[in-house]
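Here is the structure we will look at.
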Amino acid sequence: MPITLNPLTLTVDMHILVMTRSTLSHGFGGFQRQCIDLCEGFVRLGHKVTVLTTAHPDGILKEEQSGFIVHFLTPSRPRRLSRSWFKASKKIIEEIHREDPIDVIHSNEFAALGVISWAKRRNIPITVVCHGSFRTGLLSFLSSADRRPRYWHWLLLTPMFMIRRTLMWEMPMRRNSSNIILVSPTLEGDFRLFSHNKVRVIENGITLPERREPTTGNGNLRLLCTGRAEREKGFHLAIKAVAEISELDLHLDLVGTGAYLDEMRLLVDNLELNDRVTFHGRVDDQELSRIYSSADIYLIPTIRYEGLPLALLEAMAHGLPTVASHIGGNTDVITNDHDGIFISPGRLDELVTAIRRLGTDPALRSSMSKAARETTERRFDKERMVRETIEVLSSLP
């Protein structure tokens, strides 16, 4: 495809191949949302986008989404990168390139590992987006690992697997990429040793909803958690906090699906909280926005070291005061006691104290609500994220 200058955006029209282990077709989460937001943004700026990802949960092989084509490669497992997926990506990329030459590859983490040699032979640059690092992955595992004796072998085997994956998958991607995009400044130190001259921080961005008036009453208060239902997300702590705070009229909304969902439902049953906790499952963007707008306090009691949670940005954009673990990318976003409250990861007592503090102080909720909205308006607009990413892609040799 000949590269031409787009007169509306003053950028080069490109064919961008996006490679990722999952999209919104695989489940609800910030990783998936960020990928699709970028693809939609690239299309709006006049670029052609093709997406390669893992197998669709329903067996679909190809579909069009918002102006770009998504190929679900088989044989592979949904959301799982593997040797078979790398082999399949190498096969299909040649067909795509013959039909319309690829100008640049945008790889979510090490999804493009299987096509490194192919791209180098054709002088096609690869940009890698990193949402975490070996250090953050290891710390997340250690903070949530089951330490009962029958699981001790996993305390040894999992770090060994992570080291192997880093050496065989992550490091080759770093060496052979033209640029590395980090979603949070907290990750810069982890990439300084081997890849410092390639690194660019582009913080995640979101679509800013309409402003809303913060809640000021002391009546029924709705707490909200969103994201994939995984133990590391700490949703079980939010459920236990509701059980402990009997003096406030609280209701907890949980949005998302995942492997830990059944255990959370069982916990709600055991604590007799069925009338105070609602499981919404996966919802569309319109329903999610409605749930955000009806919430009073957002909770992100994660024990996982995440890059920059989109869910946190979405909640703050809706003017929700947030109680968040002091961990990972959360520390780049929240200013404690200004637009949110930090707690120590895994500390139920601190979570309970923070909810009580916000629940009994409408003036504090109001001031944090306004500050949270101002933070997202100033730093986390989605169009800024798309524009900065295109600047990186269009500047590659």
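Being within 13 Å of residue 224 (Cβ to Cβ) and either surrounded by 24 or more Cβ atoms within 10 Å (Cβ to Cβ) or out of contact with any Phe, Trp or Tyr (no Cβ under 7 Å at 6 or more places or on another chain) (or both): is that true of residue 305 here? For residue 305, the condition - within 13 Å of residue 224 (Cβ to Cβ) and either surrounded by 24 or more Cβ atoms within 10 Å (Cβ to Cβ) or out of contact with any Phe, Trp or Tyr (no Cβ under 7 Å at 6 or more places or on another chain) (or both) - is not met. Looking across 308, 299, 312, 320, one residue alone is under 25 Å from residue 24 (Cα atoms) and in a strand (DSSP E or B). It is 299. Residue 385 satisfies every condition listed in (1) in contact with a Leu (Cβ under 8 Å, 6 or more places away or on another chain); (2) part of a loop (DSSP other than H, G, I, E, B) except (2). Residues that are more than 24 Å from residue 172 (Cβ to Cβ), at pLDDT below 95 and acidic (Asp, Glu) occur at least once in the range 64-86. Pairs are defined by a Cβ separation below 8 Å, a sequence spacing of at least 6 or placement on different chains, a first member in the range 161-176 that is part of a helix (DSSP H, G or I), and a second member that is surrounded by fewer than 16 Cβ atoms within 10 Å (Cβ to Cβ); the pairs so defined are 171/194; 174/194; 175/194; 176/120. What are the pairs with Cβ atoms under 9 angstrom where one residue, in the range 125-142, is closer than 16 Å to residue 232 by Cα and the other, located anywhere, is of a type outside the set (A, V, I, L, M, F, W, C) and modelled with pLDDT under 75? Sequence gap at least six, or different chains. So the pair list comes out as 132/140.
Out of everything in the range 189-201 that is modelled with pLDDT of 85 or more and either not hydrophobic (A, V, I, L, M, F, W, C) or not assigned by TED's automatic domain parsing to the domain that holds residue 124 (or both), what residue ends up being nearest to residue 389 (Cα to Cα)? Filtering the range 189-201 for residues that are modelled with pLDDT of 85 or more and either not hydrophobic (A, V, I, L, M, F, W, C) or not assigned by TED's automatic domain parsing to the domain that holds residue 124 (or both), the one nearest to residue 389 (Cα to Cα) comes out as 200.
Table: residues versus (1) more than 25 Å from residue 34 (Cβ to Cβ); (2) surrounded by 22 or more Cβ atoms within 10 Å (Cβ to Cβ).
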{"site": "260", "(1), (2)": "no, no"}
{"site": "267", "(1), (2)": "yes, no"}
{"site": "281", "(1), (2)": "no, no"}
{"site": "295", "(1), (2)": "no, yes"}
{"site": "310", "(1), (2)": "no, yes"}
{"site": "327", "(1), (2)": "no, yes"}
{"site": "344", "(1), (2)": "yes, no"}
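Counting only helices (runs of 4 or more DSSP H) that sit completely within the range 233-296, those holding 2 or more residues that are touching a residue at least 60 places away in the same chain (Cβ under 8 Å) and touching a strand residue (DSSP E or B) at 6+ places or on another chain (Cβ under 7 Å) correspond to 235-244, 285-294.
Checking the structure you have, find out if any residue of the range 352-375 is of a type in the set (Asp, Glu), buried (at least 16 other Cβ atoms within 10 Å of the Cβ), over 22 Å from residue 40 (Cβ atoms) and free of Cβ contacts under 8 Å to residues at least 24 places away in the same chain. No, every residue in the range 352-375 fails to be of a type in the set (Asp, Glu), buried (at least 16 other Cβ atoms within 10 Å of the Cβ), over 22 Å from residue 40 (Cβ atoms) and free of Cβ contacts under 8 Å to residues at least 24 places away in the same chain.
The values are calculated or read from the model by the stated rules, or taken from the named source; none is laboratory data. Just so you know, these numbers come straight off a predicted model, no measurement behind them. Heads up, the Cβs are rebuilt from the backbone with ideal geometry, glycines too, and the neighbour counts pull from every protein chain shown.
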